[in-house]
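I have placed the structure first, in the form of structure tokens, so that the comments after it can refer back to it.
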Amino acid sequence: MTDVTKGDAPSGQEESGLPANAESPNADPLPHARFTLDGVPEKERYDLWRDSISCIFEVEAERDIRQGPFEASIDANLFGSIMLARTQTLEQRWSRTPALMAKDGMDHYMIQVYEHGDMLWETQEGTRSFPKHGLVIFDLAEQVVTRTNNFSNLSLFIPRTMLDEQLKDRGNQHLRVLTAEEPMVHLLRDHMVSLKSLSSQMTARQAVEISPATIGLAAACLNAVISPDDPRQSSGASMARMTIVRRLIEANLGNPELTVDWITGKVGLSRTKLYELFEQLGGVTKYIRERRLRRALIMLTDKASAHLSIYDVAMEASYASDAAFVRAFRARYGVTPGDVRAAGHRLLVAEGLKTRGVDRRHEAWVHDL
């Protein structure tokens with residue numbers, strides 16, 4: 001995925017039958033990409049940054065910030081199948097829109113900790129801010145709008161499939177706030193900080209070895225921490241029922257019989273109780289539609305599904321026709337399935353991804369996790 005300089009073979013390899021200058025995979029350095037605007041003309045800096053960060057977010061900044069001595073950097077490392085990146089930049093507005101989600105097809109969790117600066121976002125309960133030394137979890141398959149002042153943060157990107165299998169409450173993590181008073185939050189935060197500070201000393205092999213432990217620690221933190229101030233946190237019994245129903249839905253997204261009545265018959269809930277469980281998510285029918293369209297989006301951007309036609313994808317998403325599927329997909333994401341398929345976003349090439357000499361490999365890395 002990236003050019004890495006081979007380390008010299010350790011002494012004594014002649015005795016093991018390897019020549020002294022043999023390349024050792026254990027000595028390959030940890031993949032590292034650094035996006036910086038150093039050397040870029042001032043008038044071009046913001047536009048280059050906005051184009052690069054659009055791999056995850058659409059950004060906006062005030063005119064004086066855009067036209068001033070704009071600064072931004074991303075220092076990213078690949079730890080096997082996950083990515084950890086430090087971002088530093090100026091005050092901006094950030095959004096992840098349906099059109100952007102359709103464009104990139106990412107299905108990751110992003111866990112953030114702020115080293116300095118702050119982030120604000122609106123909820124039904126009012127404006128929330130990033131907890132000092134705490135964590136916030138983003139589901140990159142969900143919409144979000146935030147704003148920040150000048151900041152530095154760490155972002156841990158974990159593919160959904162790698163974290164979901166360890167979570168007790170899948171699909172209810174978006175914008176979940178975890179405060180630093182919780183010891184598990186402290187552990188995960190310190191682990192992220194330590195990984196980044198030690199990244200220059202680690203090898204690619206060590207990074208692969210630490211990846212499962214990092215994902216396990218993230219899952220343990222999310223499972224163990226209860227956020228009583230978060231209105232989305234239900235009672236234990238309700239959470240357990242919600243988890244059962246969600247897993248049933250995920251396992252049957254391609255089943256045309258997946259309806260409210262079918263679900264109530266399978267889990268033994270009344271229609272009223274089922275509606276109550278999904279009320280904060282916009283209703284169970286909307287939730288099923290969203291998950292089916294999300295599944296279709298992943299298929300359209302996944303190289304493993306490139307052989308499937310749009311009609312095949314529509315059938316997999318339980319649509320009666322490709323025309324109905326296209327209408328629903330366009331209404332949700334603002335583009336057609338054909339637009340997404342033609343863009344081929346998962347075919348990004350990580351090697352040599354540069355503009356005006358700026359290292360932009362992080363863009364391909366985060367998409368290809």
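The values are calculated or read from the model by the stated rules, or taken from the named source; none is laboratory data. This one's a predicted model, so the numbers in the text were calculated from it and none came from an experiment. With ideal geometry, Cβ positions are generated from the backbone for all residues, glycine too; neighbour counts draw on all protein chains shown.
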Take the conditions modelled with pLDDT of 85 or more, of a type in the set (D, E, K, R) and surrounded by fewer than 18 Cβ atoms within 10 Å (Cβ to Cβ) and apply them to Glu290. Does it pass?
yes
For segment 138-184, enumerate the residues that are charged (D, E, K, R), more than 26 Å from Met299 (Cβ to Cβ) and touching an Asp or Glu at 6+ places or on another chain (Cβ under 7 Å).
Arg176
In the set Val313, Val326, which member is touching a Pro at 6+ places or on another chain (Cβ under 9 Å), outside any loop (DSSP other than H, G, I, E, B), closer than 24 Å to Arg160 by Cα and of a type in the set (A, V, I, L, M, F, W, C)?
Val313
Pull up segment 137-155, narrow it to residues that are of a type outside the set (Asp, Glu) and farther than 24 Å from Glu71 by Cα, then point me to the one that is farthest from the chain's Cα centre (by Cα).
Gln143
Every listed condition ((1) touching a residue at least 40 places away in the same chain (Cβ under 8 Å); (2) closer than 24 Å to Leu369 by Cα) holds for Gly334 save (2)
Return yes or no: is Lys303 surrounded by fewer than 16 Cβ atoms within 10 Å (Cβ to Cβ) and touching a residue at least 40 places away in the same chain (Cβ under 8 Å)?
yes
Among residues of segment 62-99, those that are surrounded by fewer than 20 Cβ atoms within 10 Å (Cβ to Cβ) and more than 20 Å from the chain's Cα centre (by Cα), counted
10
Cβ pairs under 6 Å, 6+ apart, first in segment 209-234 and over 15 Å from Arg160 (Cα atoms) and not assigned by TED's automatic domain parsing to the domain that holds Ile158, second modelled with pLDDT of 95 or more and acidic (Asp, Glu)
none
Part of a loop (DSSP other than H, G, I, E, B) and at pLDDT 90 or above: does that describe Leu258?
yes
Criterion violated by Ile158 - all others in (1) in contact with a strand residue (DSSP E or B) (Cβ under 7 Å, 6 or more places away or on another chain); (2) more than 24 Å from Glu142 (Cβ to Cβ) satisfied:
(2)
Of residues in segment 306-346 being more than 25 Å from the chain's Cα centre (by Cα) and of a type in the set (Asp, Glu), the one surrounded by the most Cβ atoms within 10 Å (Cβ to Cβ)
Asp322
Quick check on my filter: what residues within segment 266-285 are outside any loop (DSSP other than H, G, I, E, B) and either surrounded by fewer than 11 Cβ atoms within 10 Å (Cβ to Cβ) or charged (D, E, K, R) (or both)?
Lys266, Arg271, Thr272, Lys273, Glu276, Glu279
I'd like the residue in segment 111-127 that is surrounded by fewer than 20 Cβ atoms within 10 Å (Cβ to Cβ) and of a type in the set (A, V, I, L, M) and, out of all such residues, is nearest to Leu37 (Cα to Cα).
Met119
For the condition over 24 Å from Leu178 (Cα atoms), in contact with a helix residue (DSSP H, G or I) (Cβ under 6 Å, 6 or more places away or on another chain), not assigned by TED's automatic domain parsing to the domain that holds Arg291 and not small (Gly, Ala, Ser), what is the one hit in Val59, Val113?
Val59
Sort out which residues of segment 160-169 are out of contact with any Lys or Arg (no Cβ under 8 Å at 6 or more places or on another chain) and either buried (at least 17 other Cβ atoms within 10 Å of the Cβ) or among the small types (Gly, Ala, Ser) (or both), and write them in order of number.
Arg160, Met162, Leu163, Leu167, Asp169
Take segment 299-310 and flag every residue that is among the charged types (D, E, K, R) and assigned to a helix (DSSP H, G or I).
Lys303
Taking the conditions exactly as written (touching a strand residue (DSSP E or B) at 6+ places or on another chain (Cβ under 9 Å) and charged (D, E, K, R)), does Glu142 satisfy them or not?
yes
